[in-house]
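**Q** My structure is below; once you've seen it, I'll send some questions.
Just so it is clear, none of the values below were taken in a lab; they were calculated from the coordinates. Please read these numbers as outputs of a predicted model, since none were measured by experiment. Here Cβ is always computed from backbone atoms with ideal geometry, including for glycine, and neighbour counts include all displayed protein chains.
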Ligand code: AMP
């Protein structure tokens with residue numbers, strides 16, 4: 001069975017090229033549509049000083065951050081040689097929610113993530129890859145990052 005729609009979850013770490021190359025290869029192999037997603041998480045602000053009983057308030061990232069992410073995602077797609085892929089910059093409460101929400105919305109059938117990224121040590125504690133794997137409505141390819 002061929003995959004129809006491959007989603008590459010891209011952070012902007014040095015590993016993104018390695019993971020992205022695998023995602024592109026899978027899409028090419030299967031003749032699948034390829035989309036790239038970068039999630040910008042809500043910022044959590046803590047007011048402190050007399051507001052301790054309030055939950056931490058989420059604040060939307062500003063337009064500049066979203067715009068810069070769009071530019072960085074386009075640059076990453078160009079470096080991977082897939083300038084025509086669909087590029088999604090999504091704001092969500094967590095990276096996992098952003099990726100899984102988009103996967104459901106766009107009928108993705110393969111999500112490609114790195115096995116570790118910015119939060120390398122978090123692999124032991126439940127990294128993005130783990131979180132995505134547990135909640136995914138489809139197959140997930142966790143690409144083992146090779147140390148340079
Ligand atoms: P991490 O949990 O930060 O170690 O990241 C593991 C993998 O999750 C990365 O290699 C990416 O594939 C993906 N990832 C991490 N952060 C993001 C993000 N903000 N947007 C999309 N994918 C991400």
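**Q** Efficiency by 1/(1 + (r/R0)^6): what FRET value for residue 106 and residue 45, r their Cβ-Cβ distance, R0 = 35 Å, to the nearest 0.05?
**A** Values: r = 31 Å, r/R0 = 0.88.
Step by step, r from the Cβ atoms, then E = 0.70.
**Q** By per-residue mean of other Cβ atoms within 10 Å, what is the highest-first order of 94-101, 5-12? Show your work: numbers first, answer last.
**A** Working: 94-101: 20.2, 5-12: 24.6.
So the order, starting with the most tightly packed, is 5-12, 94-101.
**Q** From the mean inverse distance of alpha carbon pairs (Kirkwood) and the Cα radius of gyration, derive Rg over Rh for the chain. Show your work: numbers first, answer last.
**A** Values: Rg = 16.1 Å, Rh = 16.0 Å.
Result for the chain is an Rg/Rh of 1.01.
**Q** For every helix of n ≥ 4 consecutive DSSP H residues, a contribution of -39,500 (n - 2.57) applies; sum these over the chain, divide by its total residues, and give [θ] at 222 nm rounded to the nearest 500 deg cm²/dmol.
**A** Working: 4 runs with 51 residues, N = 148.
After summing the helix terms and dividing by the residues of the chain, the value is -11000 deg cm²/dmol.
**Q** Just 129, 27, 83 to compare: in a GNM of the chain, with alpha carbon springs under 10 Å, which one fluctuates most?
**A** 83
**Q** Separate question: Just how many % of Cα pairs in the range 59-119 lie over 16 Å apart, if you round to the nearest whole percent? Write out the running numbers ahead of the final one.
**A** Numbers: 1053 of 1830 pairs.
Across the range 59-119, Cα pairs with separations above 16 Å total 58 percent.
**Q** Going by a ≥ b ≥ c, the root eigenvalues of the Cα gyration tensor, does the range 1-88 fall in the rounded group (a/c under 1.5), the prolate group (a/b larger than b/c) or the oblate group?
**A** On the way: a/c = 3.31, a/b = 2.48, b/c = 1.33.
Taking the square roots of the gyration eigenvalues as a ≥ b ≥ c, the range 1-88 is prolate.
**Q** If one computes the Cα centroid of the range 26-74 and of the range 130-146, what distance in Å separates the two points?
**A** The distance from the Cα centre of the range 26-74 to that of the range 130-146 comes to 19 Å.
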